[in-house]
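Read through the structure below, which is laid out as C-alpha cells, and then see the notes.
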Amino acid sequence: MSRVALVTGGSRGIGAAISKALQDAGYTVAATYAGNDEAAQAFTGETGIKTYKWSVADYDACAAGIRQIEEELGPIAVLVNNAGITRDAMFHKMTPQQWKEVIDTNLTGVFNMTHPVWSGMRDRKFGRIINISSINGQKGQAGQANYSAAKAGDLGFTKALAQEGARAGITVNAICPGYIATEMVKAIDEKVLAERIIPQIPVGRLGEPEEIARTVVFLASDQAGFITGSTITANGGQYFA
C-alpha cells in the first residue's frame with residue numbers, strides 16, 4: 001500500500017506541481033483547496049487526485065477533513081503545508097483584517113494542519129512535514145509585513161518541531177521558493193518582470209513549479225531521513241540565508 005501524502009493548496013500553482021510529482025513518485029495524494037471549485041474539479045479530472053475543500057485557517061475544519069481523508073485513503077505519512085494567501089499593503093495602510101487573514105492562513109494554518117496528524121505520525125514512528133515558506137520570510141519585503149512575518153514564523157515552527165519529531169522518525173523541513181513561474185507571477189507586467197525582477201535573479205530566469213516539487217519529493221523520501229529542521233532555498237541565487 002502506497003503512503004498517503006496531503007498537499008494543502010494542492011490543486012493550483014506550486015501545489016498542483018507538488019501533488020503531481022508525489023503521485024508520479026508512487027504516493028496516494030490528496031489535495032486541499034479553499035475556494036476555486038472549477039480549478040479543483042479540472043485538476044481532479046486531469047490527474048485523478050482527490051480534492052477536498054476547506055480553509056486551513058479553521059482548526060475544526062482541518063481536523064474533520066484530515067479524519068475524512070484518513071478514513072478514505074489511509075493514514076497520512078506526508079504533509080505538505082503549501083496553502084497561502086497574500087493581502088499586500090504598505091504597513092501604514094494595512095488593516096487589521098489584512099494582517100489577520102494572512103497570519104491565520106499562512107502561519108496558524110500550518111499549526112492547524114500539522115497538529116491533527118502529529119500524534120498518528122508519532123505512533124507510527126514515521127512522518128514527513130514539509131512547509132512551503134518563501135524568500136520573503138527570509139529577507140522581508142516592503143508591502144508584505146503580514147506575509148513576511150507569517151512565512152518567517154513558518155521557519156521557526158519548522159526548527160522547533162523538528163527537534164520534537166526527530167526521535168519519533170518524523171522530519172520537519174521548509175522550502176523557501178523565490179520567484180516561480182506560476183499564474184500569479186506570470187500575471188505581473190512583462191516589463192516589470194524583465195526590468196525589475198529577473199535582473200535580481202542570478203540564474204536569469206523564473207523558477208519552475210516542478211523544481212519546487214522535485215525538492216518536496218526528495219524531502220518526503222526515506223533517503224532524506226537525516227535531513228530535518230532545514231530550510232532549503234530555491235530562488236536562483238537571489239538571496240542566501
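The values are calculated or read from the model by the stated rules, or taken from the named source; none is laboratory data. Computed from a predicted model, the values in this text were never measured in an experiment. Backbone-built Cβ (ideal geometry, glycine too); neighbour counts: all protein chains shown.
List pairs: first in segment 5-22 and assigned to a loop (DSSP other than H, G, I, E, B), second aromatic (Phe, Trp, Tyr), Cβ under 6 Å, 6+ apart or cross-chain?
Final answer for the pair search is 11/33; 11/43.
Out of segment 70-127, which residues are among the charged types (D, E, K, R), under 19 Å from residue 152 (Cα atoms) and assigned to a loop (DSSP other than H, G, I, E, B)?
87, 88
Filter segment 115-133 for residues that are under 20 Å from residue 9 (Cα atoms) and touching a strand residue (DSSP E or B) at 6+ places or on another chain (Cβ under 6 Å) and give the result.
Scanning segment 115-133 gives 117, 127, 128, 129, 130, 131, 132, 133.
Give the residue, chosen from 39, 63, 31, that is closer than 21 Å to residue 185 by Cβ and in a helix (DSSP H, G or I).
After ruling out the rest, the residue left standing is 39.
Quick one: how many residues across segment 1-45 are over 21 Å from residue 57 (Cβ atoms) and among the basic types (Lys, Arg)?
2
Among the numbered criteria (1) surrounded by fewer than 19 Cβ atoms within 10 Å (Cβ to Cβ); (2) in contact (Cβ under 8 Å) with a residue 40 or more places away in the chain; (3) within 29 Å of residue 224 (Cβ to Cβ), which single criterion is violated by residue 202?
(2)
Can you pull out the residues in segment 198-219 that are farther than 20 Å from residue 151 by Cα and in a helix (DSSP H, G or I)?
198, 199, 200, 210, 214, 217, 218
Do we find a residue being of a type in the set (S, T, N, Q), at pLDDT 95 or above, outside any helix (DSSP H, G or I) and under 21 Å from residue 83 (Cα atoms) anywhere in segment 165-179?
Yes, segment 165-179 contains at least one residue that is of a type in the set (S, T, N, Q), at pLDDT 95 or above, outside any helix (DSSP H, G or I) and under 21 Å from residue 83 (Cα atoms).
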